Amino acid sequence: MMYERLLDKNNPPAENFISELMGVKGYTLLLQFEDFLNHNYHISREMKFPFGNNYGWGYKYSHKSSHLCYAFFESGAFTITLQLGDNCAPQINQILPGLSQKVKELWQNRYPCGEQGGWIHYRVTDSDDLNDVLELVKVKGKPSSSQKRI
């Protein structure tokens with residue numbers, strides 16, 4: 001399946017265009033992801049076109065002043081891009097046995113960052129993918145104790 005992205009840097013997409021591109025399932029998963037973030041972090045969301053011309057438009061999510069991840073819009077899905085640094089690697093290795101084979105392969109084949117860390121690009125197409133991504137985000141940024149937990 002082709003996961004078309006929004007690659008026209010000169011035209012930031014409107015919310016209704018994003019939802020049409022992603023389709024009901026993909027957009028619902030994105031809203032569930034955002035709901036988790038909003039209930040567990042002090043989130044700010046910015047529309048961005050980072051990393052050159054191949055990633056396209058997406059949301060940058062930050063917790064207070066710390067970057068958590070990017071969500072890139074695709075037809076029928078979205079991809080979460082996470083930078084998991086050396087400080088995250090021990091926690092990832094600890095939770096990895098309880099996560100899907102997909103996460104294990106992505107972590108094994110991550111783009112290196114530091115001695116043990118790396119970048120992961122995780123395409124979310126169903127609720128199992130979403131659950132994996134939520135576990136990775138929790139490692140990246142500990143949920144705020146002052147926020148309501150799901």
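The values are calculated or read from the model by the stated rules, or taken from the named source; none is laboratory data. Just so you know, these numbers come straight off a predicted model, no measurement behind them. Note that we place each Cβ from the backbone using ideal geometry, even for glycine, and neighbour counts take in every protein chain shown.
Brief remarks on what is shown
- Test: residue in the stretch 99-121 that is in contact with a Pro (Cβ under 8 Å, 6 or more places away or on another chain) and closer than 22 Å to L31 by Cα: no
- Answer from N40, N53 - the residue that is surrounded by fewer than 18 Cβ atoms within 10 Å (Cβ to Cβ) and in contact (Cβ under 8 Å) with a residue 24 or more places away in the chain: N53
- The C-beta contact set for the stretch 90-108 (first residue of a type in the set (G, A, S), second residue part of a helix (DSSP H, G or I), distance under 9 angstrom, 6+ apart or interchain) comprises G98/E135; S100/D128; S100/D129; S100/N131; S100/D132.
- Among (1) loosely packed, with under 12 Cβ neighbours inside 10 Å; (2) at pLDDT 95 or above, the one test that P112 misses: (2)
- Taken together, the residues in the stretch 71-84 that are farther than 16 Å from D128 by Cβ and in contact with a helix residue (DSSP H, G or I) (Cβ under 9 Å, 6 or more places away or on another chain) amount to 7.
- Among residues of the stretch 64-82 that are buried (at least 24 other Cβ atoms within 10 Å of the Cβ), none has a Cβ under 7 angstrom from a residue that is basic (K, R) and in a loop (DSSP other than H, G, I, E, B) at a sequence gap of 6+ or on a separate chain.
- Only one of L30, L6 that is crowded, with 20+ Cβ neighbours inside 10 Å, touching a strand residue (DSSP E or B) at 6+ places or on another chain (Cβ under 6 Å) and either under 21 Å from S144 (Cα atoms) or without any contact (Cβ under 8 Å) to a residue 24 or more places away in the chain (or both): L30
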